[in-house]
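I have placed the structure first, in the form of structure tokens, so that the comments after it can refer back to it.
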């Protein structure tokens, strides 16, 4: 039955029939249009000359409602509609038809006018429930805007068939570019001002309702936009499928739904306070409170295409739970910004089986970037089954195009679980993308961040020439990487790794975490700026290279601590030299191997790694430079540069007011820098280790330079620049302004155990050099020993220790020279040796005003089969002078000479007095002899003067006087004078100098 029409509808129907429905011979047989609502009609007009047909069958068997009429100001591109209710049940179609429209005065325009925007409002305060299809006919690529402040919900069967972009909003008005408002509430005054200007903003006056997409698959044409702009008020509606009352939470919710705009835009924005949201970039005005957005249960927002588009999200709180936002590109460059998230509240991502955000490329096109700006960000992810790992944020490239960048600005970031957090890497020729993360507190607990590729791809024959992207993480408070996190800017053997910057008040890499820049070519670098930098529990900060010089690691902090077997290291796999490590700690640097739950030493290391046996190249280790007021190396920790190929070990430079090296541990190092399983003292090492990887001559050990006020080397602590192959040992230069103390099994060594010559050791100890139960050695088994020079202003003391440059090699080898130059030398059960076996002994030169040595001490430069070296002791109190001559067979008792020193002149002859000891330097006239009596503890600059005034309490002669300890555990030796200084002179002659008359 055909409905009755009033006069206005009759005219409109006649015009519509005459102008657009030429197939109808009479308007009475055409589809009727209504002005007032049918009781059963889900779509009703409410003014602006909007006309809605009665339901009629569509070609596909669905029920269709045709919508025509509307206001077209000035016949322009904007067409305005007004509905009382607007819902589309399942199997129903709401069809916007480009028929007759009207001007503001009701004058009709011909059908089919060009249209840019269809703008519709819903006025009856009922939500729009869309379970069917919304489509446009005859509008080309015109955009559709549907505004209903009471809420919009899309059901599982909802769909769109629109030529242009589509926007659904619960705003209170649409703000046109000419400042005209299209209000959701009918207003004759403002409606009379409607214009043809484009939409500029979405306006909110009162709390507006939400938008929900529940299992819908909504898509727009390629290159078009699909937008949802909502308030934050929840609402209820009657589900047309079940008849049940159903609630919708505030904001925007997409549950199980798929939103698609291939190569176009998807925009979600939710507001909770008055204000406007831009219709261009969907940014709210300053200070506007934003609403919630939830994506869950497999929801997908997708602008992927051959040329990918953009997804924008603007809101308060954003939740992504087992949902994905994707904007992948292929053979054309994607939009510069693929995913743009800006929320004022917190953001959370929790996916187990799929990535949350993707902007990847599989072809020649460059992927777009992902930008996130949020209050706080929490990310949870895990691995897929069957070993497949999916990144939560993924912009990687598997083609020739570059991967997308990722930029995150947030308050507190917390990423947890074991899989990938961010992957901007490359699996092919394309370059990896950059990652930038800024926040207050950043914690990466478990997941990985990668901007490059895993070198194993190249080992498997894949073409992975793409360079890695750069990575920057900056926290105003805490930056924590770990436990069990991996941060990598790794590239293939023929590609360049990315640079890495880590900044924070407190930066920690903990729990077996691995932070690495890694490249085959081109220098990369790691920079860490912090108040406190801490590495713990086998965590690693690494820079590796293959061909070109490696990247540097630079740290600037107040305090730097490496504990629990953690390492800062640079390394090389090939001909490239490893990068430099530069540590600046304005207060303290501590390397501590105590309380170590691993078998690895805490270390700063530069070395060479070998993949498989055989020669591997000429890449050497890089230099290490440390600048800090206090350096502590404890419990088997170490600073090490080593080489086991043709490259040289890097130099080590330490500048510190106080250096303490103490303790040892059972250490295992997974490369050739140290012997596996060896007991290793805390220390500083620059060594050559092994020769199986050398191409020709092996490289040399590096130079160790330490500048300090005080150096304390104890309890097995070590400074070692030795060699085990044909490379030369390195030199060691220790310069202190106050003192050098070496005790309790500590050592300074440039020892050689291979054919390479030992290095030299130079120690300027400042005021005092004190060594107990320790050694300074440049010994060599097969080559020549290095030279040793020890200098101090006041005292050089060796107790139960050894200074040795001895050699055990063939005739061509020679012991190194030893020079000692203080005010006072004290040797207590000490050895100073420059011996040789078949070669020549070295020379020993001791220059001191006071030379004190007990009978058990040895100063020896002899050679077993070669030439012995010389021992020269220059001391004002030791007059070993005159000539050696044969004595008469009858020896005068020395007591007679002591009682009458002029008797020897009676015959006018000359004599010489010699007192020789066994295996030691003879005691000299006027010198000091051992005594069993202990003396008071003495130190200080007035050592010589103080010693000359000592009162001796003799208990009898003992040829092996004991060494005794003072109450402060400082070993001292009691001494007595052989004769008064000057009593025995060069010759007994008739001279005024002798005091005897002829």
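The values are calculated or read from the model by the stated rules, or taken from the named source; none is laboratory data. Treat the numbers as computed from the prediction; the structure is a model and nothing was measured. All Cβ positions, even for glycine, are placed from backbone atoms using ideal geometry, and neighbour counts span all protein chains on display.
A few remarks follow.
- Residue in the stretch 177-187 that is at pLDDT below 95, more than 26 Å from residue 322 (Cα to Cα) and out of contact with any strand residue (DSSP E or B) (no Cβ under 9 Å at 6 or more places or on another chain) present: no
- Failed item in (1) under 29 Å from residue 157 (Cα atoms); (2) surrounded by 24 or more Cβ atoms within 10 Å (Cβ to Cβ), with residue 126 passing the rest: (2)
- Residue tally, condition without any contact (Cβ under 8 Å) to a residue 40 or more places away in the chain and farther than 11 Å from residue 837 by Cα, over the stretch 801-816: 3
- Filtering 681, 727 for residues that are within 37 Å of the chain's Cα centre (by Cα), under 24 Å from residue 657 (Cα atoms) and at pLDDT below 90 leaves a single hit, 681.
- The single residue among 600, 634, 638 that is crowded, with 22+ Cβ neighbours inside 10 Å and modelled with pLDDT of 80 or more turns out to be 638.
- Looking across the stretch 725-740 at every residue that is in contact with a strand residue (DSSP E or B) (Cβ under 6 Å, 6 or more places away or on another chain) and surrounded by 22 or more Cβ atoms within 10 Å (Cβ to Cβ), the one that is farthest from residue 704 (Cα to Cα) is identified as 725.
- Filter pass, residue 571 being at negative phi, surrounded by fewer than 22 Cβ atoms within 10 Å (Cβ to Cβ) and in a strand (DSSP E or B): no
- Options 78, 105; residue that is at pLDDT 95 or above and either within 60 Å of the chain's Cα centre (by Cα) or more than 28 Å from residue 240 (Cβ to Cβ) (or both): 78
- Test: residue in the stretch 805-828 that is under 22 Å from residue 717 (Cα atoms), within 47 Å of the chain's Cα centre (by Cα) and assigned to a strand (DSSP E or B): no
- Failed condition for residue 598, given (1) assigned to a strand (DSSP E or B); (2) closer than 18 Å to residue 633 by Cβ: (1)
- Residue match in the stretch 419-426 (condition: modelled with pLDDT under 90, crowded, with 21+ Cβ neighbours inside 10 Å and under 19 Å from residue 495 (Cβ atoms)): yes
- Taken over the stretch 169-187, the criterion of being out of contact with any helix residue (DSSP H, G or I) (no Cβ under 9 Å at 6 or more places or on another chain), buried (at least 17 other Cβ atoms within 10 Å of the Cβ) and closer than 9 Å to residue 121 by Cα is satisfied by 184 alone.
- Residue check, residue 375 modelled with pLDDT of 95 or more, assigned to a loop (DSSP other than H, G, I, E, B) and either in contact with a strand residue (DSSP E or B) (Cβ under 8 Å, 6 or more places away or on another chain) or within 20 Å of residue 453 (Cα to Cα) (or both): yes
- Breaking point among (1) at pLDDT below 95; (2) more than 20 Å from residue 295 (Cα to Cα), for residue 405: (1)
- Scanning the stretch 485-531 for residues being surrounded by fewer than 20 Cβ atoms within 10 Å (Cβ to Cβ) and touching a helix residue (DSSP H, G or I) at 6+ places or on another chain (Cβ under 6 Å) gives a total of 1.
- Within the stretch 427-443, the set of residues being part of a strand (DSSP E or B) and either in contact (Cβ under 8 Å) with a residue 60 or more places away in the chain or in contact with a helix residue (DSSP H, G or I) (Cβ under 7 Å, 6 or more places away or on another chain) (or both) comprises 439, 442.
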